[in-house]
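Enquirer: Mind looking over this structure? Questions follow.
The values are calculated or read from the model by the stated rules, or taken from the named source; none is laboratory data. The structure displayed is predicted, hence computed values, not measured ones. Note that we place each Cβ from the backbone using ideal geometry, even for glycine, and neighbour counts take in every protein chain shown.
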Amino acid sequence: MTLALIGVNHKTAPIELRERIAISRDELPETTRALAAVPGVAECMIVSTCNRVEILAAVDGQGADLPGFLHRQFGLDPALLAPHIYQHHDQDAVRHLFRVAASLDSMVVGEPQILGQVKEAFAVARASGTVGGHLEHLLQSTFAAAKRVRSETAIGSNSVSIASVAVELAQKIFGSLNGRTVFLVGAGKMSELAARHLVQQGAGAILVTNRTMERARQLAEPFKGRVIPFEQLYDAASEADIVISSTGAPHPIFRTEHCQNFMHRRRNRPMFFIDIAVPRDVDPAMNRLEGIFVYDIDDLQAVASSHLAERSRVAQDAEALVAAEVERFLERQRSVSAAPAIVALQRQAEELRQAELKRAQARLGTLSAEQLAAVEALTRGLVNKFLHPPMQALKQAARENDRERMETLCDEWSLPATIAPEPPAVAESPVPVEASTAGAETSRTEQAPEEIRK
């Protein structure tokens with residue numbers, strides 16, 4: 001069994017491509033099951049955020065056409081997607097997954113949301129029946145490593161998110177936010193984070209719209225915001241100086257004709273659109289209109305990169321910890337590969353012990369229950385002592401990935417020559433899925449109103 005990971009992210013693909021393969025929460029279970037049906041895929045999960053779409057799969061010896069799945073699933077020309085795909089296998093796949101969950105591969109290093117998003121993706125895969133022992137063991141180790149990174153390094157100090165970066169960008173462009181009217185389109189976690197940052201920076205009136213009115217009210221209430229029915233979206237937008245949009249609409253909900261009307265009502269006072277949705281909510285052509293300024297999630301990279309220098313030393317500490325956790329996981333995996341040989345060795349020893357007890361039975365005569373228990377304990381103890389050195393030798397060869405030594409030991413003790421690197425099965429207890437606070441890597445979960453989506 002081989003571990004394979006392929007994907008595209010904010011480093012390898014522009015938003016124009018990423019939005020074409022974005023997977024919403026509603027689509028994720030079906031897409032995950034479709035992936036599981038690909039020949040050669042034994043287990044799988046998919047992580048889809050605004051900054052990445054990644055497939056993680058345990059595949060059989062013949063392999064699986066994972067890039068082909070992306071081409072077919074999203075109707076993309078292979079020549080278009082291929083230059084932007086990265087692929088990792090086995091140890092490199094483990095390392096990449098650990099780095100992603102620890103927020104070392106995020107647009108904003110140290111953002112706290114990605115771990116919850118990976119957990120959510122894992123929970124969806126579990127519920128879809130596409131996870132078994134391989135990914136179960138790997139993901140448990142991934143979550144433990146990410147938790148260590150956040151608790152034992154300062155990677156999360158002064159944590160930032162795409163929401164905070166968006167607000168920072170608005171400040172750099174607009175100046176003070178005091179008294180500015182802000183319109184939050186989409187009342188998901190990302191919008192909630194943005195609202196919190198905006199209020200902290202002195203924003204005035206906050207307008208909120210969402211397909212679900214109750215959710216919009218819940219978001220607006222702590223900020224004393226005004227809820228706008230989603231059918232009045234375009235009527236209310238002209239009131240806003242800053243529009244932060246993060247919905248799950250498959251096509252832009254703000255287009256050139258809308259903004260022409262906005263500017264007429266605003267008497268040409270400028271409007272700033274922060275588009276943190278993938279696919280994008282705001283047509284980039286609007287940037288050509290005078291007085292309209294549009295910034296999508298890739299534009300936020302410029303602001304995010306300013307945080308890299310401050311976090312570089314802390315990131316180095318986190319990278320070292322992740323490397324150690326990866327090695328520990330791989331060592332455990334290698335140790336497990338000795339299990340079939342050890343089981344066979346113990347079985348052989350037990351058969352010999354039973355045979356010798358049977359041969360000695362006539363000489364021992366009739367024994368009491370207490371005497372039988374003593375003989376049983378004595379022989380088991382001796383067998384365990386004799387087995388200890390060869391078992392340790394097998395484990396050591398496995399840990400060091402010394403295949404030649406492993407085969408020599410198996411030949412010497414007449415053990416199975418083929419050692420399958422199977423991880424132990426893990427109990428099916430639920431993994432706690434942290435509610436994603438949708439920051440630097442927003443999940444595709446914030447859906448647009450039905451009317452807007454049409």
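Enquirer: May I ask you to verify whether Val243 is crowded, with 16+ Cβ neighbours inside 10 Å, touching a Phe, Trp or Tyr at 6+ places or on another chain (Cβ under 8 Å) and at pLDDT 90 or above? Reasoning before the result, please.
Expert: Numbers: crowded, with 16+ Cβ neighbours inside 10 Å: yes; touching a Phe, Trp or Tyr at 6+ places or on another chain (Cβ under 8 Å): yes; at pLDDT 90 or above: yes.
Yes; evaluated as a whole, the condition is true for this residue.
Enquirer: Could you please find all residues in the range 136-163 being hydroxyl-bearing (Ser, Thr, Tyr) and modelled with pLDDT of 75 or more?
Expert: Looking only at the range 136-163, we keep the residues that are hydroxyl-bearing (Ser, Thr, Tyr), and these are 141-142, 151, 153, 157, 159, 161.
Within the range 136-163, Ser141, Thr142, Ser151, Thr153 qualify.
Enquirer: Going through His84, His10 one at a time, which residue ends up being in contact with a helix residue (DSSP H, G or I) (Cβ under 7 Å, 6 or more places away or on another chain), over 28 Å from Glu136 (Cβ atoms) and at pLDDT 95 or above?
Expert: On the way: His10 fails: at pLDDT 95 or above.
Of His84, His10, the one residue that is in contact with a helix residue (DSSP H, G or I) (Cβ under 7 Å, 6 or more places away or on another chain), over 28 Å from Glu136 (Cβ atoms) and at pLDDT 95 or above is His84.
Enquirer: If you go through the range 96-103 one residue at a time, do you hit one that is buried (at least 24 other Cβ atoms within 10 Å of the Cβ), out of contact with any Ser or Thr (no Cβ under 7 Å at 6 or more places or on another chain) and part of a helix (DSSP H, G or I)?
Expert: yes
Enquirer: Give the residues of the range 24-39 that are at pLDDT 95 or above and in contact with a strand residue (DSSP E or B) (Cβ under 7 Å, 6 or more places away or on another chain), sorted by residue number.
Expert: Leu28, Thr31, Thr32, Leu35, Ala36
Enquirer: While we're on this one: For the range 265-291, enumerate the residues that are in a loop (DSSP other than H, G, I, E, B) and more than 19 Å from Arg18 (Cβ to Cβ). Before you say what the answer is, go through the steps one by one.
Expert: Quick first cut of the range 265-291, residues in a loop (DSSP other than H, G, I, E, B) only: 267-270, 276-281, 283, 289-291.
Result: Arg267, Asn268, Arg269, Pro270, Leu289, Glu290, Gly291.
Yes/no matrix, rows are residues, columns are (1) over 21 Å from Phe329 (Cβ atoms); (2) small (Gly, Ala, Ser):
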site	(1), (2)
Ala34	yes, yes
Ser48	yes, yes
Pro67	yes, no
Ala79	yes, yes
His88	no, no
Val100	no, no
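Enquirer: Select from the range 92-113 the residues that are in contact (Cβ under 8 Å) with a residue 60 or more places away in the chain and in contact with a Phe, Trp or Tyr (Cβ under 9 Å, 6 or more places away or on another chain) and write down the one among them that is nearest to Cys50 (Cα to Cα).
Expert: Checking each candidate, the answer is Leu104.
Enquirer: May I ask you to list the residues in the range 180-228 that are closer than 21 Å to Met271 by Cα and assigned to a loop (DSSP other than H, G, I, E, B)?
Expert: Arg180, Thr181, Gly186, Ala187, Gln201, Gly202, Ala203, Gly204, Ala205, Asn210, Gly225
Enquirer: For the range 246-267, give me the residue count where each residue is surrounded by 15 or more Cβ atoms within 10 Å (Cβ to Cβ) and more than 37 Å from the chain's Cα centre (by Cα).
Expert: Number satisfying all stated conditions: 3.
Enquirer: Can you find even one residue in the range 39-57 that is farther than 18 Å from Ala121 by Cα and either among the hydroxyl-bearing types (Ser, Thr, Tyr) or crowded, with 17+ Cβ neighbours inside 10 Å (or both)? Step through it out loud before you land on a result.
Expert: Keep residues of the range 39-57 that are farther than 18 Å from Ala121 by Cα, which gives 39-40.
Going one step further and asking which of them are either among the hydroxyl-bearing types (Ser, Thr, Tyr) or crowded, with 17+ Cβ neighbours inside 10 Å (or both), we end up with none.
Looking through the range 39-57, none of the residues is farther than 18 Å from Ala121 by Cα and either among the hydroxyl-bearing types (Ser, Thr, Tyr) or crowded, with 17+ Cβ neighbours inside 10 Å (or both).
Enquirer: Among the candidates Ser191, Ser176, which residue alone is polar (S, T, N, Q) and either buried (at least 24 other Cβ atoms within 10 Å of the Cβ) or in contact (Cβ under 8 Å) with a residue 40 or more places away in the chain (or both)?
Expert: Values: Ser176 fails: either buried (at least 24 other Cβ atoms within 10 Å of the Cβ) or in contact (Cβ under 8 Å) with a residue 40 or more places away in the chain (or both).
None of the others qualify; the one that does is Ser191.
Enquirer: Residue by residue through the range 68-91, note down the ones that are surrounded by fewer than 18 Cβ atoms within 10 Å (Cβ to Cβ) and free of Cβ contacts under 8 Å to residues at least 60 places away in the same chain.
Expert: Gly68, Arg72, Gln73, Phe74, Gly75, Leu76, Asp77, Pro78, Ala79, Ala82, Pro83
Enquirer: Among Ala64, Ala57, Ala102, Ala123, which is touching a Cys at 6+ places or on another chain (Cβ under 6 Å) and among the aliphatic types (A, V, I, L, M)? Working first, answer last.
Expert: Numbers: Ala64 fails: touching a Cys at 6+ places or on another chain (Cβ under 6 Å); Ala102 fails: touching a Cys at 6+ places or on another chain (Cβ under 6 Å); Ala123 fails: touching a Cys at 6+ places or on another chain (Cβ under 6 Å).
Among Ala64, Ala57, Ala102, Ala123, only Ala57 is touching a Cys at 6+ places or on another chain (Cβ under 6 Å) and among the aliphatic types (A, V, I, L, M).
Enquirer: Pull out all pairs, ordered by first then second residue, where Cβ-Cβ is under 6 Å, the residues are six or more apart or on different chains, the first lies in the range 223-242 and is assigned by TED's automatic domain parsing to the domain that holds Thr212, and the second is surrounded by fewer than 16 Cβ atoms within 10 Å (Cβ to Cβ) and not small (Gly, Ala, Ser).
Expert: Val227/Arg217; Ser238/Arg265
Enquirer: While we're here: Restrict the check to the range 7-15 and report whether at least one residue is over 18 Å from Val131 (Cα atoms), polar (S, T, N, Q) and in a loop (DSSP other than H, G, I, E, B).
Expert: Taking the range 7-15 as the starting set, the residues that turn out to be over 18 Å from Val131 (Cα atoms) are 7-15.
Those still in the list that are polar (S, T, N, Q) too: 9, 12.
Among the residues that remain, those that are also in a loop (DSSP other than H, G, I, E, B) are: 12.
So far as the range 7-15 goes, yes, one or more of its residues are over 18 Å from Val131 (Cα atoms), polar (S, T, N, Q) and in a loop (DSSP other than H, G, I, E, B).
Enquirer: Could I ask something else about it? Mind checking whether some residue in the range 58-67 is assigned to a strand (DSSP E or B) and buried (at least 16 other Cβ atoms within 10 Å of the Cβ)?
Expert: Filtering the range 58-67 down to residues assigned to a strand (DSSP E or B) leaves 58-59.
Checking the rest, the ones that are also buried (at least 16 other Cβ atoms within 10 Å of the Cβ) come to 58-59.
Yes: the range 58-67 contains one or more residues that are assigned to a strand (DSSP E or B) and buried (at least 16 other Cβ atoms within 10 Å of the Cβ).
Enquirer: If you don't mind, there's one more thing I want to ask. Can you run down the residue pairs with Cβ atoms below 6 Å, 6 or more apart or on separate chains, where the first is in the range 45-66 and closer than 12 Å to Val100 by Cβ and the partner is at pLDDT below 90 and among the polar types (S, T, N, Q)?
Expert: Short answer, once both residue conditions are applied: Thr49/Thr442; Thr49/Ser443.
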